[in-house]
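The values are calculated or read from the model by the stated rules, or taken from the named source; none is laboratory data. Quick caveat: nothing in here was measured; it's all calculated off a predicted structure. Positions of Cβ are generated from backbone atoms using ideal geometry, with glycine treated the same way; all protein chains shown enter the neighbour counts. The accessibility values were calculated without ligands, DNA or RNA, using every heavy atom of the protein model including side chains. Shrake-Rupley method; radii C 1.70, N 1.55, O 1.52, S 1.80 Å.
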Amino acid sequence: TADALTYITYIGCGISLLCLLITLGFLVFFRSSLLPERNFININLIVALILALVFFLAGIDQSSNRDVCKAMTLIMHYFFLAVFCWMLCEGVLLYLLLVVVFDSGKTYAKRYFAFGWGLPVVIVAISFGVRYDEYGAYDYCFLTHHKGLIYAFIAPMGAILLINLVVFVIAMKLLLSKVIGNRSTLSVVKSGLRGMGILLPVLGLTWSVGVFAVDTLSLPLAYIFTILNSLQGVFIFMFHCVLNEQIRKAIRTKRKKRQQLKSLEKSTGTSGVGTGHHHKGAGKKKHEGQDHLAPSSIGMHDIEHGRYRRIDMDHAGSVSTQVTTLKVESTVTNADSSEQI
């Protein structure tokens with residue numbers, strides 16, 4: 001049974017990691033088509049979750065080496081807290097859109113970055129300094145309920161989930177009351193609500209079950225936690241990629257541009273061939289016509305000054321332009337008529 005749980009954990013988390021990496025690629029590639037601040041938060045949240053899952057897979061079974069287990073527990077504590085801190089940033093952004101006057105020129109990216117990656121450092125440093133001996137001290141490399149160490153994760157997680165739940169309720173109330181008049185703000189708020197509606201149950205339920213599974217060592221809860229943990233990346237991929245209208249629109253636009261470019265290249269190639277044949281024929285006809293305009297065919301007594309110039313100019317190896325200028329000035333003397341008059 002323990003082996004089966006291990007296999008499910010590795011396979012499920014592997015699928016979750018793959019989905020998260022694909023999602024990260026989409027968010028980075030289509031960043032110009034997405035709301036900058038929200039995309040910035042989502043990218044950092046996904047990076048934190050990817051790193052948390054990588055260290056979870058690498059370190060959960062390192063209990064045989066006390067120092068390695070302690071280090072893995074410390075790192076996992078930090079990255080899983082970072083996931084929830086970035087989730088709180090998502091809630092703060094949604095709150096600012098609803099309550100504060102929306103200013104598209106103002107950005108809080110640096111503050112979000114300091115909070116999302118900085119607050120976990122403070123919490124982990126305090127808990128590690130106070131309960132150093134409890135990190136990695138037991139049969140698994142994660143926080144335990146001994147001496148209350150697990151609350152260094154439960155308390156921040158619970159507070160963040162509660163704050164985001166309050167923001168979610170406020171946003172839903174304002175949305176239903178139709179007080180949001182700005183269309184662009186309304187679209188962002190709806191998208192934020194959908195995102196929070198995914199993250200709240202996925203992250204909240206997963207780690208609530210996970211904490212109880214670790215605390216009670218219950219095998220059924222361990223299976224539930226493993227399955228939910230595996231679905232995190234899948235749900236985030238579905239929301240941010242498959243169901244994200246902005247990304248779908250960006251994909252359609254890029255596809256349309258690519259098709260137009262191909263059509264333009266094809267039409268340019270075809271017209272180039274046709275133009276080459278046309279200029280060949282035109283050149284031949286011009287050449288034939290010029291034989292009739294050669295100076296030898298014109299009486300010398302009618303020509304005071306004549307100039308014949310031919311310019312051959314090749315363009316792209318297929319076009320030849322011939323310019324022929326003939327200037328003829330003739331002077332007719334009427335001496336006989338003058339004498340008669």
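Observations
- By a 1.4 Å probe calculation restricted to protein chains, Met238 has an accessible surface near 80 Å², given to the nearest 10.
- Taking all protein chains together, Lys70, Lys190 sort by accessible area into Lys190, Lys70, largest first [probe 1.4 Å].
- Filtered trypsin sites (Lys or Arg not before Pro), segment 112-178: DSSP coil and at most 13 other beta carbons within 10 Å: Lys178
- Three-way shape call for segment 1-47 based on the alpha-carbon gyration tensor, with the a/c threshold at 1.5: prolate
- Per-pair calculated FRET efficiency, R0 = 56 Å: Val99 and Lys147 via Cβ, rounded to 0.05: 0.90
- Shape category assigned to segment 1-160 from the gyration tensor of Cα positions, a/c cut at 1.5: oblate
- In Å², nearest 10: area of Ser64 left accessible to a 1.4 Å probe: 110
- Residue-level accessible surface for Phe212, protein heavy atoms, 1.4 Å, Å²: 120
- Tail weight of P(r) past 16 Å, computed on alpha-carbon pairs of segment 121-169, percent: 46
- Point-to-point label distance, Asp133-Leu175, nm (Cα→Cβ direction, 7 Å offset): 5.0
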